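Taking it in order: structure first as structure tokens, then the write-up.
The values are calculated or read from the model by the stated rules, or taken from the named source; none is laboratory data. Every value quoted in this text rests on a predicted model; they were computed, and no experiment measured them. Here the Cβ positions follow ideal geometry from the backbone for every residue, glycine too, while neighbour counts run over all protein chains shown. Protein only, heavy atoms only, side chains kept; ligands, DNA and RNA dropped before computing areas. Shrake-Rupley method; radii C 1.70, N 1.55, O 1.52, S 1.80 Å.
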Amino acid sequence: MTSTSLDELNARGRSGLPGHLGMVFTAVQAAADGGEVQAEMRVQPHLMAPNGFLHAGSLVSLADTCCGYGCVQFLPPGARGFTTVELKSNHLGTARDGTVRCVARPVHVGRTTQVWDATLTHAESGRTLVVFRCTQLVLAGS
């Protein structure tokens, strides 16, 4: 198992999709303490769907990234990484402004797979926007 600092999480995605979407990681709990990743993303015009609401893909990207960064905390010795093999999201609401918060927690941490849940909420109203679950395949070292 590895331990990743908050600064490392924010630096990791700065030049990729997490940085482009404006994800900011706000808390990381080490695997030894149960594991949890928290992030937020300010609602911005480039995150919107043509209908004027926050695009579902923006929300799924935030959830999947939080879960993936959490997965890294639990990689077994010798693993070279992981990949998402399944994800499901239930969209219960949306937003036009404000900030979306995400909290991701492990459900199952095994040698070859991990299952993570995430909940996304609208920070200002407290409304739940998305409940999300994904399965990560642990990639064996080579």
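Filtering segment 68-81 down to residues that are part of a helix (DSSP H, G or I) and open to solvent by 20 Å² or more (accessible area, probe 1.4 Å), which residue is modelled with the lowest pLDDT?
Looking at the filtered set, the residue picked out is VAL72.
Restricting to segment 114-142, what's the tally of residues that are farther than 20 Å from GLY57 by Cα, outside any strand (DSSP E or B) and open to solvent by less than 60 Å² (accessible area, probe 1.4 Å)? Qualifying residue count for the region: 2.
The single condition from (1) assigned to a strand (DSSP E or B); (2) touching a residue at least 60 places away in the same chain (Cβ under 8 Å); (3) of a type in the set (A, V, I, L, M); (4) farther than 17 Å from PRO106 by Cβ that VAL37 fails is (4). Among the residues examined, THR65 does not qualify as at pLDDT 95 or above and either open to solvent by less than 20 Å² (accessible area, probe 1.4 Å) or assigned to a strand (DSSP E or B) (or both).
Does segment 96-113 include one or more residues that are open to solvent by less than 70 Å² (accessible area, probe 1.4 Å), free of Cβ contacts under 8 Å to residues at least 60 places away in the same chain, part of a strand (DSSP E or B) and not small (Gly, Ala, Ser)?
Residues of segment 96-113 open to solvent by less than 70 Å² (accessible area, probe 1.4 Å): 98-100, 102-104, 106, 109-110, 113.
Cutting the leftovers down to free of Cβ contacts under 8 Å to residues at least 60 places away in the same chain gives us 98-99, 110, 113.
With part of a strand (DSSP E or B) added as a condition, the list becomes 99, 113.
Within this subset, residues satisfying the condition of being not small (Gly, Ala, Ser) are 99, 113.
Taking every residue of segment 96-113 in turn, at least one turns out to be open to solvent by less than 70 Å² (accessible area, probe 1.4 Å), free of Cβ contacts under 8 Å to residues at least 60 places away in the same chain, part of a strand (DSSP E or B) and not small (Gly, Ala, Ser).
Across segment 113-142, which residue is farthest from GLY52 (Cα to Cα) among those that are of a type in the set (S, T, N, Q) and either within 12 Å of the chain's Cα centre (by Cα) or at pLDDT 95 or above (or both)? The extreme case among them is THR113.
Residue-wise test of (1) open to solvent by less than 60 Å² (accessible area, probe 1.4 Å); (2) touching a helix residue (DSSP H, G or I) at 6+ places or on another chain (Cβ under 7 Å); (3) within 22 Å of VAL109 (Cα to Cα).
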| position | (1), (2), (3) |
| --- | --- |
| ASP7 | no, no, no |
| ASN10 | yes, no, no |
| ARG14 | no, no, no |
| LEU17 | no, yes, no |
| HIS20 | no, no, no |
| VAL24 | no, yes, no |
| VAL43 | yes, no, no |
| ASN51 | no, no, no |
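Filtered by the rule that a residue be among the aliphatic types (A, V, I, L, M), in a strand (DSSP E or B) and either farther than 16 Å from SER58 by Cβ or open to solvent by less than 60 Å² (accessible area, probe 1.4 Å) (or both), segment 82-95 gives a lone residue, VAL85.
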